[in-house]
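First comes the structure, then the notes that go with it.
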Amino acid sequence: MGAYLGRRQAMMLGAGAVGLTLGLRNATSGQVRSSGDATLRWAVDYGPATDPVLARRYELLVLEPHHPRPIAPLRGEGATLLGYVSLGEVEKSRPYFAALDTAGALGIANPDWPDARRADLRHPAWTAAVLDQIVPQILTLGYDGIFIDTMDNAEAMERQDPQGAKDMVAAGARLIAAVRARFPGMRIMLNRGYAMLDRVAPSIDYVLGESMASRWNFATRRYDLLSDSDWKWQADRLRAAKAINPKMVVTTLDYWDMADMKQVAALYARERAGGFAPYVSTLALDRLWPEPAG
């Protein structure tokens, strides 16, 4: 999610839109809501210098866990903090990359981000790394759970190589279920992953609809508003998942020029009107942007 720190931004898939792939603490303090998702204040910041005053305003905060900093000053009262983890691909800079490569758990490079290799979600070495190393390290830092990114890769891999990537989506769903079984008390947030969302909805606490109403267009190098049909395509899938797990909180992330406060406010209003918990930021996702007042 996002363009920096190795994130991938998952652009709109479906409704005729072509998707472009960019990007041990018990969590009982973060209360998952069964209704009223639109009132949740949440944000994401992958930068190394998160503003603690702004951070403490949010009830849910997604951060890059590998910045060398304490996170206690970023936690508001009763807030839930989640650490980013990419489960669909692995960047070469990650300390576990070499071992996974040697084990044969990594596939082809992401064409948009050649420093990352797609993970074979079926491979036991990848499952072991996630369960025994990656997630525990994030929880040890004091996070209440994880934010899972790049799981849309599973569907893309099956589509591109139906035989070689057979059952990749099902394997992704099994991996998330295994994470939930190993860490039953922690919070789990999933970015999109619509091909497996109906299967994993009972195992997650939050789902994110990224680029719901607006996105960064890499071809034109500007922010675009998306069509009503694009928005509805995601909204329908998010609501279907919510029907499976009514306690799951549905969040959205839109990208825009934050100097255009009128449009930013309109994006917040649209997502809340849909019943979702919104956040609006720039593509960089490297700082917190408060919602425009009024």
When the chain is fully extended, how far beyond the present Cα-Cα distance does Thr102 get from Arg287, taking 0.36 nm per residue of separation? 63.0 nm
With each run of n ≥ 4 DSSP H residues scored as -39500 (n - 2.57), what mean residue ellipticity at 222 nm is computed for the chain after dividing by its residue count and rounding to the nearest 500 deg cm²/dmol? -8000 deg cm²/dmol
With contacts defined as alpha carbon pairs under 8 Å and 6 or more residues apart, what's the relative contact order of the stretch 207-294 in percent? 29
Here the tail fraction of P(r) beyond 35 Å, over all Cα-Cα pairs of the chain, rounds in percent to 11
Heads up, the stretch 72-115 by the C-alpha gyration tensor (a ≥ b ≥ c square roots of eigenvalues; a/c under 1.5 rounded, else a/b over b/c prolate, else oblate) looks prolate
The FRET efficiency for Thr220 and Leu131, from their Cβ-Cβ distance with R0 = 25 Å and rounded to 0.05, is 0.05
Packing-based order for 244-254, 124-134, 155-165, using average beta carbon neighbours within 10 Å, highest first: 244-254, 124-134, 155-165
Shape call, the stretch 150-212: gyration tensor on alpha carbons, a/c limit 1.5: oblate
Cα-only radius of gyration and Dmax that characterise the stretch 124-283, units Å: 16.8, 49
Using the alpha-carbon centroid of each, what span in Å lies between the stretch 156-224 and the stretch 53-124? 14
Quick one: with all protein chains in place, what share of the accessible area of the stretch 162-269 is carbon or sulfur, to the nearest percent (1.4 Å probe)? 55
Per the 1/(1 + (r/R0)^6) rule, R0 = 22 Å and r from the Cβ atoms of Ala243 and Arg159, FRET efficiency to 0.05 is 0.25
Zone residues, the stretch 68-85, relative to Arg41, backbone N less than 14 Å from point 7 Å out along Cα-to-Cβ: 75-80
So with the 1.4 Å probe, I'd like the accessible area per residue for the chain, rounded to whole Å². 41
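The values are calculated or read from the model by the stated rules, or taken from the named source; none is laboratory data. Everything numeric in this text was worked out from a predicted model, so none of it was measured. Don't worry about glycine lacking a Cβ; one is built from the backbone with ideal geometry, like all the others, and counts go over all protein chains shown. What goes into the accessible areas is simple: the full protein's heavy atoms, side chains included, and nothing from ligands, DNA or RNA. Shrake-Rupley method; radii C 1.70, N 1.55, O 1.52, S 1.80 Å.
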